[in-house]
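Asker: My questions will all concern the structure given below.
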Amino acid sequence: MKLLLALTYYHPHVSGLTIYVQRLAEGLAGRGHEVTVITARHETNLPEEEILNGVRVVRVSAPLRISKGVFMPSYPLIAARLLKACDAVVVNLPGTPGETLLVLLARTLLRRPTVAVYHCDLQLSGGRLSRWIDRAVFANNWLVGRLVHRFIAYTQDYAEHSPLLRRFSSKIRVIPPPVAVTPADPSEVRSFRSRYSLNGEKLIGFPARLATEKGVEVVLRALSRIREKLGPVRVLFAGPHKDVLGEEHYLKKLEPLLRAEGDTWIFLGVLSPHEMAVFYGACDLVVLPSLNSTESFGLVQVESMLSGTPVVASDLPGVRVPIQTTGMGVIALPGDVEAFADAVVKVIENRGLYCRERSFVLEQFSLERTLRDYEKLLLSLIEEQTRH
């Protein structure tokens, strides 16, 4: 198959959405398909076109940005050229009017099968402008939903609770997200742990992008209660935390709480896949204290489970599914500091009860299963379109 994948931000930008699409694109390319990604050139030093791990990446100039949205004047011409050479189109939502135009061209003029992966409902923080952006994005997503042949949701749980996906239930196909992590060398795990647990501190892993919906303040405010029960604790935050698009104000809001923590809260920065595997293996548990439906699953919690480390996550649609499926952790009410702290204590004090074999987790979530499901869906849509 010749596939065109569209999204606003791609590697080297780091978010759950970009990691999802990168794994999907590279996985399908590795299975012999010709994969092209069209995305915004969100940094001027990035090349307009390159091959990354077997995937052709085409970046469109984006001279104007509003919040996390971008304006790409040359998108229609570039998209039309790429569409002619593809068999099927996969767009990623929430997106921009560019993806909507792409679907419109593919569906009406070129008769290409179209699929939309729905990553989350957008809920921006802030005032009137944020609310206007939320409404505009919802309208754009609704229009795409009207046009595409299929909607892909991470979980049935999220599909049933999403205000948008509920409107397109007949088009929904549930495909678990692509999760991949290679087991770390035990000696590297021990070395990592000894570096950060110098005096026997419990290590809480927090793999995330520093963003409003991630609930960083919940962890910060829960630490005193956690220490009362467990003793010394250190939080290791793995992921981008400086210059995160649209989150400058949020970081400033957190700074007093972060300063108070001193060296008991450590920002590790963006880690490589190998470093992430070591990180997961070294932590006593991993947390995902997300606050709203902008978080629809949390790839990191399954990566943690595959590394043998249990999780505390928010009781949100989709987010709760990995723990409900595997039993590897506890879910807590979103934003409830005491409930979150008590869940962390419960898991660490009874850690053995929440650990499962890697093979068991792979039965529920695996990259190969996800790639096979995508291949089956896309091939069936291409064949159906050919017959008509």
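Asker: Going residue by residue through segment 69-89, is there one that turns out to be modelled with pLDDT under 80, over 20 Å from the mean Cα position of the chain (by Cα) and under 29 Å from residue 379 (Cβ atoms)?
Answerer: No, segment 69-89 contains no residue that is modelled with pLDDT under 80, over 20 Å from the mean Cα position of the chain (by Cα) and under 29 Å from residue 379 (Cβ atoms).
Asker: Could you please find all residues in segment 72-90 being under 18 Å from residue 42 (Cα atoms) and β-branched (Val, Ile, Thr)?
Answerer: 78
Asker: Applying the selection to segment 84-96, what residues are surrounded by 18 or more Cβ atoms within 10 Å (Cβ to Cβ) and either of a type outside the set (S, T, N, Q) or assigned to a loop (DSSP other than H, G, I, E, B) (or both)?
Answerer: First, pick out the residues of segment 84-96 that are surrounded by 18 or more Cβ atoms within 10 Å (Cβ to Cβ): 86-96.
Result: 86, 87, 88, 89, 90, 91, 93, 94, 95, 96.
Asker: Further question: If you go through segment 349-388, how many residues are among the basic types (Lys, Arg) and either surrounded by 17 or more Cβ atoms within 10 Å (Cβ to Cβ) or without any contact (Cβ under 8 Å) to a residue 60 or more places away in the chain (or both)?
Answerer: 4
Asker: Among the residues of segment 158-183, how many are closer than 24 Å to residue 359 by Cα and either of a type outside the set (Gly, Ala, Ser) or modelled with pLDDT of 95 or more (or both)?
Answerer: Going through segment 158-183 one residue at a time, the tally reaches 9.
Asker: Need the failing condition index for residue 212 against (1) at pLDDT below 95; (2) closer than 30 Å to residue 111 by Cα; (3) in contact with a Phe, Trp or Tyr (Cβ under 6 Å, 6 or more places away or on another chain), just the number.
Answerer: Against the list (1) at pLDDT below 95; (2) closer than 30 Å to residue 111 by Cα; (3) in contact with a Phe, Trp or Tyr (Cβ under 6 Å, 6 or more places away or on another chain), residue 212 comes up short only on (2).
Asker: Still on this model: Sort out which residues of segment 198-208 are surrounded by 18 or more Cβ atoms within 10 Å (Cβ to Cβ) and not hydrophobic (A, V, I, L, M, F, W, C), and write them in order of number. Before you say what the answer is, go through the steps one by one.
Answerer: In the first step, residues of segment 198-208 are kept if they are surrounded by 18 or more Cβ atoms within 10 Å (Cβ to Cβ); the result is 201-208.
Hits for segment 198-208 are 201, 202, 205, 207.
Asker: State the number of residues belonging to segment 26-61 that are touching a residue at least 40 places away in the same chain (Cβ under 8 Å), over 18 Å from residue 75 (Cβ atoms) and aliphatic (A, V, I, L, M).
Answerer: Number satisfying all stated conditions: 2.
Asker: Next up: Show me the strands (runs of 3 or more DSSP E) entirely contained within segment 257-326 in which 2 or more residues are crowded, with 24+ Cβ neighbours inside 10 Å.
Answerer: 285-288, 311-314
Asker: Being in a loop (DSSP other than H, G, I, E, B) and either β-branched (Val, Ile, Thr) or within 20 Å of the chain's Cα centre (by Cα) (or both) is the filter; apply it to segment 18-48 and report the residue that is surrounded by the fewest Cβ atoms within 10 Å (Cβ to Cβ).
Answerer: 44
Asker: Within segment 26-48, work out how many residues are modelled with pLDDT under 95 and of a type in the set (D, E, K, R).
Answerer: Result for segment 26-48: 3.
The values are calculated or read from the model by the stated rules, or taken from the named source; none is laboratory data. Keep in mind that this is a model prediction, so the values were computed, not measured. When we count neighbours, we look across all protein chains shown, and the Cβ atoms used for this are built from the backbone with ideal geometry, even at glycine.
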